[in-house]
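Notes to accompany the following structure.
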């Protein structure tokens, strides 16, 4: 179980010059803020996604509850809008800290985020020499010219600029990143297509079927997010210990639903029954209400198996 995150107050607000020397700060910009909590000699930079922006302000850096107990320093890059960080403020603030030597405090820096945040982590990593990236279900770009296969999130995309450079295409940033680890569900067509655009000798893909576009939620629920963060802060390759720990996804509701739905959609009704029975055994100690969807899927599959075609 994760240890509880410490109580968090909004840090003192300051400019970049003072912030670069401080152990805790909030730098406010026109389109984004930087929230820093100094701790250990490794730094995790986390980026907002569409969901976290709905939390309003003040809000801690993305994934703070999971990151704080690990004892690392955390810098949250917080957008004011659902804009994929297609704005001048966030990169300018990061570049400002780099120019002032802030990132040289740390033995290693890892940028991380999911979806919109994963795009930003990849896109801005070249601003910080030797930085690594851990991205979950990232888009490579939302430009319809570059990625015509991407048709999700139309409202948010329409409200941001996907024509101007720089930082238009994370695929262009990949060659300038020391190491990137990208986790995604290969059964999500758009995420698979984005991943193909991000391929390179410095990129390790973690293909996680049935985690959906919200793969980060399965990773969080399985308890493997801290393992991934610590791995990237120690070395550049995620090894078999992650996959061993990620077996815990079998008890995550979101993953279970995706597995059962995929098998049913493919007419694999016997497989649905077998999977449902395994899930019920695995969750034998769970309340009955947490198993309703499994029993419902099993019942539908049994009924389908009873139907004899003409």
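Kindly provide the set of residues from the range 174-216 that are surrounded by fewer than 19 Cβ atoms within 10 Å (Cβ to Cβ) and in a helix (DSSP H, G or I), ordered by number.
Passing the criteria: 175, 176, 189, 190, 192, 193, 196, 197.
One line per residue, one yes/no per condition, for (1) without any contact (Cβ under 8 Å) to a residue 40 or more places away in the chain; (2) part of a helix (DSSP H, G or I); (3) within 19 Å of residue 15 (Cα to Cα):
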| site | (1), (2), (3) |
| --- | --- |
| 75 | no, no, yes |
| 83 | no, no, no |
| 97 | no, yes, yes |
| 103 | no, yes, yes |
| 112 | no, no, no |
| 118 | no, yes, no |
| 121 | no, yes, no |
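With assigned by TED's automatic domain parsing to the domain that holds residue 121 and touching a helix residue (DSSP H, G or I) at 6+ places or on another chain (Cβ under 6 Å) as the only criterion, which of 198, 232, 260, 228 stands out?
198
Quick one: how many residues across the range 35-65 are more than 20 Å from residue 106 (Cα to Cα) and part of a helix (DSSP H, G or I)?
Final tally of qualifying residues: 5.
Anything in the range 263-276 that is surrounded by 12 or more Cβ atoms within 10 Å (Cβ to Cβ) and either part of a loop (DSSP other than H, G, I, E, B) or out of contact with any helix residue (DSSP H, G or I) (no Cβ under 7 Å at 6 or more places or on another chain) (or both)? List them, or say none.
268, 274, listed by residue number.
Please count how many residues of the range 235-262 are more than 22 Å from residue 188 (Cα to Cα) and without any contact (Cβ under 8 Å) to a residue 24 or more places away in the chain.
Residues flagged as more than 22 Å from residue 188 (Cα to Cα) and without any contact (Cβ under 8 Å) to a residue 24 or more places away in the chain within the range 235-262 amount to 6.
Condition (residue is farther than 15 Å from residue 128 by Cβ and in contact with a strand residue (DSSP E or B) (Cβ under 9 Å, 6 or more places away or on another chain)) applied to the range 91-113: is it met by at least one residue?
Within the range 91-113 (the criterion being farther than 15 Å from residue 128 by Cβ and in contact with a strand residue (DSSP E or B) (Cβ under 9 Å, 6 or more places away or on another chain)), the answer is no, since none of the residues qualifies.
Does residue 221 qualify as being within 14 Å of the chain's Cα centre (by Cα) and surrounded by fewer than 20 Cβ atoms within 10 Å (Cβ to Cβ)?
Considered against the rule, which asks whether it is within 14 Å of the chain's Cα centre (by Cα) and surrounded by fewer than 20 Cβ atoms within 10 Å (Cβ to Cβ), residue 221 comes out as yes.
The values are calculated or read from the model by the stated rules, or taken from the named source; none is laboratory data. As the structure is a computational prediction, the values presented were derived from the model and not from experiment. As a convention, Cβ positions derive from the backbone with ideal geometry for all residues, glycine included, and neighbour counts pool all protein chains shown.
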